[in-house]
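Engineer: One structure, pasted below without further comment.
The values are calculated or read from the model by the stated rules, or taken from the named source; none is laboratory data. For clarity, every value in this text was computed on a predicted model and none was experimentally measured. With ideal geometry, Cβ positions are generated from the backbone for all residues, glycine too; neighbour counts draw on all protein chains shown.
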Amino acid sequence: MAAMRLYHAPGSPYARIARMAVIELALADRVSVEEATLRDPASVLLPFNPVGRVPALVMDDGTTITETTPVLMMLDSLVEPARRLLPGPDAPRALAAYGRVLGMMDGIAVWNRELRRPEHERSPGVIALEALRAVRIADALERDAAAGGFAARDAAWFALVALLGYCEVRHPSFAWRQGRPVLSALFDAAQARPSVAATVPPPR
């Protein structure tokens, strides 16, 4: 049996990155992927992770690693260096791309959360700020991809696919494809990859 458990929520783009990593690194025999509810006081996740967020990787000794990047660090440590997904300090552009995608993911999460509130509780200022941020970063990502970025199947690539997949299915308020043919082509081509196809988020 797998000695480690990776808790996820099907709609989380952060957890999707870790789920794809388990598949890409061929760790299914060592890491079981288990679903957990969020914002639920009875969630099976809470005894391990009081933060209540995913991904959360529970080690065989009970130590729980939370947040996407530390989880990827641990998963990477289980395979030989040549197969690892996180860029190292010798690849600053790849690290920059990964950080840029995660920054956009954070903003999209705030925007989406705001839209789920009753209309009278929403902050137009927050929505406008995050919408502007998303457009600005997406335009930069389009330029990066057009210049040859995201060619490697590394953490930045998987984070980008998870981000665009989240927008596609669960945040249609952001028309991310408009004026971004390179990102659109990258995302569409990615759907044939088994780790991507196996982790598509459900509709809202």
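Engineer: Do we have any residue at all in region 69-81 that's hydroxyl-bearing (Ser, Thr, Tyr), part of a strand (DSSP E or B) and in the same structural domain as Ile17 (by TED's automatic domain parsing)? Show your work before the answer.
Structural biologist: Our first condition is that a residue be hydroxyl-bearing (Ser, Thr, Tyr); within region 69-81, this holds for 69, 77.
Now drop any that are not part of a strand (DSSP E or B), which leaves none.
No, every residue in region 69-81 fails to be hydroxyl-bearing (Ser, Thr, Tyr), part of a strand (DSSP E or B) and in the same structural domain as Ile17 (by TED's automatic domain parsing).
Engineer: Take the conditions under 19 Å from Met20 (Cβ atoms), not assigned by TED's automatic domain parsing to the domain that holds Thr68 and not polar (S, T, N, Q) and apply them to Leu132. Does it pass?
Structural biologist: Numbers: under 19 Å from Met20 (Cβ atoms): no; not assigned by TED's automatic domain parsing to the domain that holds Thr68: yes; not polar (S, T, N, Q): yes.
No: the conditions fail for Leu132.
Engineer: Within region 148-193, track down each residue that is part of a helix (DSSP H, G or I) and free of Cβ contacts under 8 Å to residues at least 40 places away in the same chain. Let's see the steps before the verdict.
Structural biologist: First, the residues of region 148-193 that are part of a helix (DSSP H, G or I): 155-170, 181-190.
Across region 148-193, the qualifying residues are Trp157, Leu164, Glu168, Val169, Pro181, Ser184, Ala185, Phe187, Asp188, Ala189, Ala190.
For (1) assigned by TED's automatic domain parsing to the domain that holds Ile127; (2) under 23 Å from Ala96 (Cβ atoms); (3) hydrophobic (A, V, I, L, M, F, W, C), each residue gets a yes or a no:
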{"site": "Ala151", "(1), (2), (3)": "yes, yes, yes"}
{"site": "Phe158", "(1), (2), (3)": "yes, yes, yes"}
{"site": "Tyr166", "(1), (2), (3)": "yes, yes, no"}
{"site": "His171", "(1), (2), (3)": "yes, no, no"}
{"site": "Gly179", "(1), (2), (3)": "yes, yes, no"}
{"site": "Leu183", "(1), (2), (3)": "yes, yes, yes"}
{"site": "Val200", "(1), (2), (3)": "no, no, yes"}
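Engineer: Within region 96-121, can you find the residues that are more than 18 Å from the chain's Cα centre (by Cα) and within 27 Å of Pro55 (Cα to Cα)? Working first, answer last.
Structural biologist: Our first condition is that a residue be more than 18 Å from the chain's Cα centre (by Cα); within region 96-121, this holds for 114-121.
Hits for region 96-121 are Glu114, Leu115, Arg116, Arg117.
Engineer: Separate question: Among the candidates Ala147, Ala152, Ala131, Ala140, which residue alone is surrounded by fewer than 21 Cβ atoms within 10 Å (Cβ to Cβ), out of contact with any helix residue (DSSP H, G or I) (no Cβ under 8 Å at 6 or more places or on another chain) and on the phi < 0 side of the Ramachandran plot? Step through it out loud before you land on a result.
Structural biologist: Details: Ala152 fails: out of contact with any helix residue (DSSP H, G or I) (no Cβ under 8 Å at 6 or more places or on another chain); Ala131 fails: out of contact with any helix residue (DSSP H, G or I) (no Cβ under 8 Å at 6 or more places or on another chain); Ala140 fails: out of contact with any helix residue (DSSP H, G or I) (no Cβ under 8 Å at 6 or more places or on another chain).
Just a single option satisfies the conditions, and that option is Ala147.
Engineer: Could you tell me whether Ala15 is in the same structural domain as Arg113 (by TED's automatic domain parsing), of a type in the set (A, V, I, L, M, F, W, C), free of Cβ contacts under 8 Å to residues at least 60 places away in the same chain and closer than 21 Å to Leu163 by Cβ?
Structural biologist: So Ala15 does not fit the description; no.
Engineer: Continuing with the same structure: Working only within region 90-126, note down all residues that are assigned to a loop (DSSP other than H, G, I, E, B) and within 17 Å of Ala156 (Cβ to Cβ). So that I can check it myself, show each step before the final result.
Structural biologist: Within region 90-126, the first condition is being assigned to a loop (DSSP other than H, G, I, E, B), and the residues that meet it are 90-91, 116-118, 122-123.
Across region 90-126, the qualifying residues are Asp90, Ala91.
Engineer: Another question, if that's okay. So which of Arg30, Arg113, Arg39 is surrounded by fewer than 18 Cβ atoms within 10 Å (Cβ to Cβ), assigned by TED's automatic domain parsing to the domain that holds Pro172, charged (D, E, K, R) and more than 23 Å from Asp144 (Cβ to Cβ)? Lay out the reasoning, then the answer.
Structural biologist: On the way: Arg30 fails: assigned by TED's automatic domain parsing to the domain that holds Pro172; Arg39 fails: assigned by TED's automatic domain parsing to the domain that holds Pro172.
After ruling out the rest, the residue left standing is Arg113.
Engineer: Same structure again: Taking region 26-60 as the region of interest, how many residues are among the hydroxyl-bearing types (Ser, Thr, Tyr) and either touching a residue at least 40 places away in the same chain (Cβ under 8 Å) or assigned to a loop (DSSP other than H, G, I, E, B) (or both)?
Structural biologist: Pass one, region 26-60, residues among the hydroxyl-bearing types (Ser, Thr, Tyr): 32, 37, 43.
Checking the rest, the ones that are also either touching a residue at least 40 places away in the same chain (Cβ under 8 Å) or assigned to a loop (DSSP other than H, G, I, E, B) (or both) come to 37, 43.
Of the residues in that region, 2 qualify.
Engineer: Which residues, counting only those in region 75-109, are over 24 Å from Ala145 (Cα atoms) and surrounded by fewer than 17 Cβ atoms within 10 Å (Cβ to Cβ)? Don't jump to the end; show me each part of the working.
Structural biologist: Keep residues of region 75-109 that are over 24 Å from Ala145 (Cα atoms), which gives 75-81.
The answer is Ser77, Leu78, Val79, Glu80, Pro81.
Engineer: Let me ask something else. Using the structure shown, decide if Ile23 is without any contact (Cβ under 8 Å) to a residue 12 or more places away in the chain and either closer than 24 Å to Met104 by Cβ or in contact with an Asp or Glu (Cβ under 6 Å, 6 or more places away or on another chain) (or both).
Structural biologist: Numbers: without any contact (Cβ under 8 Å) to a residue 12 or more places away in the chain: no; either closer than 24 Å to Met104 by Cβ or in contact with an Asp or Glu (Cβ under 6 Å, 6 or more places away or on another chain) (or both): yes.
Spelling it out, it is not the case that Ile23 is without any contact (Cβ under 8 Å) to a residue 12 or more places away in the chain and either closer than 24 Å to Met104 by Cβ or in contact with an Asp or Glu (Cβ under 6 Å, 6 or more places away or on another chain) (or both).
Engineer: I'd like the full set of residues that are within 19 Å of the chain's Cα centre (by Cα) and either more than 21 Å from Ala9 (Cβ to Cβ) or of a type in the set (Ser, Thr, Tyr) (or both), limited to region 59-72.
Structural biologist: Start the filter on region 59-72 by keeping residues that are within 19 Å of the chain's Cα centre (by Cα), which leaves 64-72.
Residues satisfying the conditions are Thr64, Thr66, Thr68, Thr69.
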